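These notes are about the structure you will find just below.
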Number of protein chains: 2
Amino acid sequence: MILSKRILEMQESPVRKLVPIATRVKKNGKKVFHLNIGQPDIETPKQFMEAINNYDTRVIKYSFSQGEPALINSIRDYFARDGIIFDEDEVLITNGGSEALTFTTIAICNPGDEILVPEPFYTNYNGFTGEVNVNIKPITTLAKDGFHLPSKEDIVKLITPRTKAILFSNPGNPTGTILRLDEMEMIAEIAKENDLFIISDEVYRGFAFDGLKGISMGSIKGIEDRTVIIESVSKRYSACGARIGSIQSKNKELMKNILKLCQARLCVATLEQIGAAELYKLDDNYTAMIKDEYQDRRDIVYSTLQDIPGVVCEKPSGAFYVVAKLPVDNAEKFIIWMLEEFDVDGQTIMLSPAEGFYATPGLGIDEVRIAYVLNTKDMEKSMYILKKGLEKYNS
Amino acid sequence: MILSKRILEMQESPVRKLVPIATRVKKNGKKVFHLNIGQPDIETPKQFMEAINNYDTRVIKYSFSQGEPALINSIRDYFARDGIIFDEDEVLITNGGSEALTFTTIAICNPGDEILVPEPFYTNYNGFTGEVNVNIKPITTLAKDGFHLPSKEDIVKLITPRTKAILFSNPGNPTGTILRLDEMEMIAEIAKENDLFIISDEVYRGFAFDGLKGISMGSIKGIEDRTVIIESVSKRYSACGARIGSIQSKNKELMKNILKLCQARLCVATLEQIGAAELYKLDDNYTAMIKDEYQDRRDIVYSTLQDIPGVVCEKPSGAFYVVAKLPVDNAEKFIIWMLEEFDVDGQTIMLSPAEGFYATPGLGIDEVRIAYVLNTKDMEKSMYILKKGLEKYNS
């Protein structure tokens, strides 16, 4: 019994594979600050559980395959605030942004087809595509350019007859980069000229600092039939464990076909949808408050990184991540060393190796992704530990 | 922008595609008894919501990719009652039995590979395999044989070099058939001799009537490394909307690889896992009570069907479905007619056309699947409506 080639070739999650080491050192009494995973410490708005507790839970019934109407309408209202209008059948609820991305990939690509993705990218894009035999073709972006896109020419030359779509997260995970309007318009042009779908992962929308505004791809005119927006409550509403995501597109033929995938798996958890419907009703004050909190955290991380000799990184404008080049030969080895060998008063930190966020072999080996998901006090402590750790590691 | 071949070739859910018609006639005031979908009317045990309400819900955090330890351990204890022992890493929690089946298919099969499935089968097997480019090869079973398996010879001749597994639900959806021990042993033999995985969908285990015992494939010796058991809380614990399923296998290499798929999609909804952990703790008295209730419903359905001229069906021994051949030319047309044109005092019923449960073209056109998921009073009323409807349709 040989397992499938597609599963054997799939990488272990670089974000989660070091977790057993962390679990072990924590059992031995060490405190670990987790900057390795995008799990915010912010409380989930209480409206979530209130809605569940007010729901009739006598029989936990199947929901609709397309999603609970209350949630679909909340999401429609959320987009409408920015003048982006979706009909009822232009929103499909999914098991997190994860399933939204897998379903979109299946619907757009046959085995062997390709999707362009600016790298470094959210590492699980490898999983959502690889498990259904679709290949990612990376558009390399560089720290020195703030991880902004290369020229149109450089992108277009990567397109082959098998290229079906361009996929990106904006604001970017792991880079924290927010696309400029001219970059979004360039993507639109490339997509139109080469007949590609645009898959815009906007789960960090709202996390835009320094007065920037995170613009949805849904605002760009003339590409409505080829734009697919991926949404999730995980980050914006600190409800990662709810596993509520969604697909938005004005391409009704696409949505009608993705609905078949939704029907096959019957529905998304009913209670979590009832709760999530309330989250999307939270007004702009909520988003602004969250944004301010993360901007403070970003400032702490960035100013400490600036202070450490040999560290290279650009100031991130959004999301809650930063990619930093460290003065080490191998970031993964350093991360393991920090867990196993180092502590400040019994405390240490856990980071993610950035190598897994690149598709091009050899890139990111000396880089880490830092998720600034802890409160400012813990972030200050964590960054102090990083600084001391690097000093000792290199001495 | 052309969509993928795999999505275009996927069928619409035959169970869910007639739902818009039902929705319309209900809006116009007609009462519809839903015998078309396996949504029981039994209350979800209150332990489910109690556990959720006692959980710390301040931050709805990611769960573990493999699942909540409390739920994994509950499931292990559930199997241990029958002497089936799984280690902690031999159980993976999934988004319903649906995701369990998709993940198992991806891990075992490359595009173009085949899985043997006795037909008629749970129609969504088409989705879980087709969406990842795997083909179902049907083993036709017949109503006149009570939908039991054909001879070993007849099954073996369907195997090709691309056949990777044999998949079946036991007790059977839509047939209600429970495999005899000699059939299970024949499957084990075939799998060993032809190096196949055995995917045993046991989400209806416990629904076994007339003194029969639903035996898990996990009890069959000598095939532990090739047996994969699919579980779910949906039916046994009437928690369809919780979307909690699981994969069980003693093949650690397989499980280690499926864990990569689990990691890519991060986790299953946290709260629902906390609730489901309590469901698996319910003792055999609960299962016995549920079984008695469904046996009563089965008796009502079967005795009425026996009474209607021209109806052919075998007495089902398990699950909560029966496949019946009706005296009509086209069952789907009849189902639509019952919804749109017929009622008894403003009430009608909705059934599922059985054609979608067959892979062989032409089979099942005059058959329906009846889900006896309503209380005995409603089932009596529903079956009376079916009888009257057939009389009028054929007059």
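The values are calculated or read from the model by the stated rules, or taken from the named source; none is laboratory data. Source: prediction; values computed, not measured. When we count neighbours, we look across all protein chains shown, and the Cβ atoms used for this are built from the backbone with ideal geometry, even at glycine.
Are any residues in the stretch B:368-393 within 17 Å of B:V312 (Cβ to Cβ), surrounded by fewer than 24 Cβ atoms within 10 Å (Cβ to Cβ) and among the basic types (K, R), and if so, which ones?
B:K387
Here are B:P327, B:P309: which of them is without any contact (Cβ under 8 Å) to a residue 24 or more places away in the chain and surrounded by fewer than 18 Cβ atoms within 10 Å (Cβ to Cβ)?
On inspection, the qualifying residue turns out to be B:P309.
Would you check which residues across the stretch A:80-129 are small (G, A, S) and part of a loop (DSSP other than H, G, I, E, B) and list them?
A:G83, A:G112
When the stretch A:46-60 is examined, which residues are found to be facing chain B (nearest Cβ under 10 Å), surrounded by fewer than 19 Cβ atoms within 10 Å (Cβ to Cβ) and in a loop (DSSP other than H, G, I, E, B)?
A:K46, A:Y55, A:R58, A:V59
Counting only residues that are within 13 Å of chain A (Cβ to nearest Cβ) and in contact with a strand residue (DSSP E or B) (Cβ under 7 Å, 6 or more places away or on another chain), which one in the stretch B:266-305 is nearest to B:C109 (Cα to Cα)?
B:V268
Suppose we filter the stretch A:82-98 for residues that are of a type in the set (A, V, I, L, M, F, W, C) and without any contact (Cβ under 8 Å) to a residue 24 or more places away in the chain; how many remain?
Total satisfying the criteria: 1.
Hey, among the residues in the stretch B:188-209 that are of a type in the set (D, E, K, R) and more than 16 Å from the chain's Cα centre (by Cα), which one's farthest from B:I108 (Cα to Cα)?
Ranking the candidates gives B:E189 first.
In the stretch B:238-252, which residue that is facing chain A (nearest Cβ under 7 Å) and in a helix (DSSP H, G or I) is surrounded by the most Cβ atoms within 10 Å (Cβ to Cβ)?
Only one residue tops the list, namely B:A242.
Tell me which of these A:L196 doesn't satisfy, since it passes every other one: (1) surrounded by 21 or more Cβ atoms within 10 Å (Cβ to Cβ); (2) free of Cβ contacts under 8 Å to residues at least 24 places away in the same chain; (3) not acidic (D, E).
(2)
Sort through A:S382, A:S352 and tell me the only one that's of a type in the set (G, A, S), in contact with a strand residue (DSSP E or B) (Cβ under 6 Å, 6 or more places away or on another chain) and under 14 Å from A:V15 (Cβ atoms).
Testing whether each residue is of a type in the set (G, A, S), in contact with a strand residue (DSSP E or B) (Cβ under 6 Å, 6 or more places away or on another chain) and under 14 Å from A:V15 (Cβ atoms) leaves just A:S352.
Which residue, of B:D154, B:D182, B:D145, is modelled with pLDDT under 95, charged (D, E, K, R) and not assigned by TED's automatic domain parsing to the domain that holds B:A371?
Only one candidate qualifies: B:D145.
Which residues, counting only those in the stretch A:79-113, are under 27 Å from A:F147 (Cβ atoms) and either among the small types (G, A, S) or more than 20 Å from the chain's Cα centre (by Cα) (or both)?
Listed by number, the residues that qualify are A:D82, A:I84, A:G96, A:G97, A:S98, A:A100, A:I108, A:C109, A:D113.
Kindly indicate which of B:S234, B:S219, B:S249, B:S238 is over 24 Å from B:F320 (Cβ atoms) and in contact (Cβ under 8 Å) with a residue 60 or more places away in the chain.
B:S249 is the lone residue from the list that is over 24 Å from B:F320 (Cβ atoms) and in contact (Cβ under 8 Å) with a residue 60 or more places away in the chain.
Keeping to the stretch B:254-263, report how many residues are within 7 Å of another protein chain (Cβ to nearest Cβ) and at pLDDT 95 or above.
Counting residues in the stretch B:254-263 that are within 7 Å of another protein chain (Cβ to nearest Cβ) and at pLDDT 95 or above gives 4.
Would you mention how many residues in the stretch A:144-158 are surrounded by fewer than 18 Cβ atoms within 10 Å (Cβ to Cβ) and either more than 23 Å from A:K325 (Cα to Cα) or touching a strand residue (DSSP E or B) at 6+ places or on another chain (Cβ under 7 Å) (or both)?
The total comes to 8.
What residue, among those in the stretch A:215-237 that are of a type in the set (D, E, K, R) and more than 9 Å from every other protein chain (Cβ to nearest Cβ), is nearest to A:P40 (Cα to Cα)?
Across the stretch A:215-237, the extreme among qualifying residues is A:K235.
Looking at the structure I just gave you, is A:T140 away from every other protein chain (no Cβ under 12 Å), out of contact with any Lys or Arg (no Cβ under 6 Å at 6 or more places or on another chain) and either surrounded by 24 or more Cβ atoms within 10 Å (Cβ to Cβ) or of a type outside the set (A, V, I, L, M, F, W, C) (or both)?
The answer is yes for A:T140.
What are the residues in the stretch B:102-143 that are in contact (Cβ under 8 Å) with a residue 40 or more places away in the chain and more than 26 Å from B:E9 (Cα to Cα), if any?
Passing the criteria: only B:A143.
Collect the residues in the stretch A:95-121 that are in contact with a Phe, Trp or Tyr (Cβ under 8 Å, 6 or more places away or on another chain) and either within 8 Å of chain B (Cβ to nearest Cβ) or surrounded by fewer than 24 Cβ atoms within 10 Å (Cβ to Cβ) (or both), keeping them in residue-number order.
A:S98, A:T102, A:I108, A:V117, A:E119
I'd like to check something: does the stretch B:218-235 contain any residue that is out of contact with any strand residue (DSSP E or B) (no Cβ under 6 Å at 6 or more places or on another chain), hydrophobic (A, V, I, L, M, F, W, C), modelled with pLDDT under 95 and in the same structural domain as B:T270 (by TED's automatic domain parsing)?
No, the stretch B:218-235 contains no residue that is out of contact with any strand residue (DSSP E or B) (no Cβ under 6 Å at 6 or more places or on another chain), hydrophobic (A, V, I, L, M, F, W, C), modelled with pLDDT under 95 and in the same structural domain as B:T270 (by TED's automatic domain parsing).
Residues in the stretch B:9-21 that are more than 7 Å from chain A (Cβ to nearest Cβ) and either surrounded by fewer than 20 Cβ atoms within 10 Å (Cβ to Cβ) or out of contact with any helix residue (DSSP H, G or I) (no Cβ under 9 Å at 6 or more places or on another chain) (or both): how many?
Summing the residues that are more than 7 Å from chain A (Cβ to nearest Cβ) and either surrounded by fewer than 20 Cβ atoms within 10 Å (Cβ to Cβ) or out of contact with any helix residue (DSSP H, G or I) (no Cβ under 9 Å at 6 or more places or on another chain) (or both) in the stretch B:9-21 gives 6.
Among A:L167, A:L158, A:L212, which is the only one that is more than 30 Å from B:T57 (Cβ to Cβ), away from every other protein chain (no Cβ under 12 Å), outside any helix (DSSP H, G or I) and under 18 Å from the mean Cα position of the chain (by Cα)?
Selected residue: A:L167, the only one of A:L167, A:L158, A:L212 that is more than 30 Å from B:T57 (Cβ to Cβ), away from every other protein chain (no Cβ under 12 Å), outside any helix (DSSP H, G or I) and under 18 Å from the mean Cα position of the chain (by Cα).
With the checklist (1) under 30 Å from A:N126 (Cβ atoms); (2) buried (at least 23 other Cβ atoms within 10 Å of the Cβ) in hand, flag the one item B:M255 doesn't pass.
Only one criterion is unmet by B:M255, namely (2).
Go through (1) closer than 20 Å to A:A276 by Cβ; (2) more than 7 Å from chain B (Cβ to nearest Cβ); (3) outside any loop (DSSP other than H, G, I, E, B) for A:Q66 and report which single condition fails.
Only one criterion is unmet by A:Q66, namely (3).
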